[in-house]
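Only the coordinates and a few stated rules stand behind these numbers; no lab work does. In this text, all values refer to a predicted model and were calculated from it rather than measured experimentally. Note: ideal-geometry Cβ built from the backbone for every residue, glycine included; neighbour counts use all protein chains shown.
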Amino acid sequence: MANSNYRQIGDAIGAEVAALSEAGRLHLYQRWAADIGRYIDLFRWRAPDGKDQIRGWVLTRESVKEELGSFASSSPGAFTPAGVNRRTHTFLLFGVMSLEDDTASEIEFQDLIETICGRFRAGDALRLGGNITSLERLTPPQVDRIDFRAFGSTLCHTVEIRIQAIERIVRA
């Protein structure tokens, strides 16, 4: 039986984010630390202008849905032949950036969100598709929550972006 290439898909999504010099620090799994100072250090980043701030991302697979093949739907490209399953991975990209009211950091953060979403909007299964033959396509990114919260003692902007990767897996 063929296996899922979810790790390769996640790594490729991460590479798209990491390719942006202004993205900050990227982690390809949920990070944890018992000490809040050590946890915050995982997201400290030095901007090209030399300014230190909290700016980082965590990418994790949040859920998976799998359907049997040999069905059709009204969605484009949704026919899956018999012997093939369609597996939909939902990846969560959580972002955080220091909030600085005096510099209107919200505008910079919103622009960064748009830049990141733009890397996944084309629907061409990223520039990674050639290496992951099971990847059918990515759905357009969904920005589910933009907010701010305390990150330790620092007030930060936060965002949750979800990207679905649809993979076809041949059954044995």
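For segment 1-52, the list of trypsin sites (Lys or Arg not before Pro) that fall in a loop by DSSP and count at most 15 other C-beta atoms within 10 angstrom reads R31, K51. Over all pairs of different C-alpha atoms, segment 6-170 has a mean inverse distance whose reciprocal, the Kirkwood radius, equals 17.1 Å.
Calculate the FRET efficiency for T103 and A15 from the Cβ-Cβ distance with a Förster distance of 22 Å, rounded to the nearest 0.05. The formula returns an efficiency of 0.15 here.
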